[in-house]
């Protein structure tokens, strides 16, 4: 039996897990994620997330170095000035075009042709701000060799949640049994447990990503196995699935092979947790997870080729 066939045996369970996460997101989504984190508060919240993670996994979590960039605060100020300056300039040009049409120096048709570039340029600052803001909003990462967490001045809830994710990666790097494929899903699961304990909007920030990854995993399994994908799965909110009209404003995300590998790893550990409980994350660090349930590769195509 290939790992893919083994996953199909748990298709219904994976759908149920996804439905539960979607319901959690619906409950948590309306809450405030708090103000942007500033200054010394960042290190305090970072240490708080590390303490909670250590209690959940029953071990000390060594603190890595943290590099904190107040980039979002700076971005808001710069784009506010850019928007005001550009808006004032375009309004002046528009007024000049209207005046020239009114005195007969330009025909109405020529006025329209002059106005079209203005209408095209006007949304540019907001589009660029949304694209860069979205990138920074998901812009925490862990530098493996330096053992350093890099994170921006996110809203408080998202900041706490992302700290939990990168600290989980750090702990896995320090003492875990694996780093590549399995590590992503393990860190996602630990992030959920820590976010639940932290509160302050951390869980909602995390669930947006997990629900999107589960949707990616279900979509791929449906295509490969010929299983019908329920309509409610196709409507799940996801940062990785955007309608065409939002591509201009915030950038179109693609389902890359890297994203697919992360999504399948997340789905894998969510299935393990559903079967064995949240203790599976500590067991994985202690190297007590049943190897038969581990996927064989970070390349999903090998699921089809490798049997028992």
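The values are calculated or read from the model by the stated rules, or taken from the named source; none is laboratory data. This one's a predicted model, so the numbers in the text were calculated from it and none came from an experiment. Positions of Cβ are generated from backbone atoms using ideal geometry, with glycine treated the same way; all protein chains shown enter the neighbour counts.
Being part of a helix (DSSP H, G or I), modelled with pLDDT of 80 or more and closer than 22 Å to residue 27 by Cα is true for just one of 218, 160. Which residue is that? From the options 218, 160, the qualifying one is 160.
Listed here are the residues, each with its yes/no results for (1) modelled with pLDDT of 80 or more; (2) in contact with a helix residue (DSSP H, G or I) (Cβ under 8 Å, 6 or more places away or on another chain); (3) surrounded by fewer than 15 Cβ atoms within 10 Å (Cβ to Cβ).
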site	(1), (2), (3)
58	yes, yes, yes
74	no, no, yes
88	no, no, yes
103	yes, no, yes
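Of 171, 193, all but one fail to be over 14 Å from the mean Cα position of the chain (by Cα), surrounded by fewer than 24 Cβ atoms within 10 Å (Cβ to Cβ), touching a residue at least 12 places away in the same chain (Cβ under 8 Å) and within 18 Å of residue 24 (Cβ to Cβ); the exception is 193.
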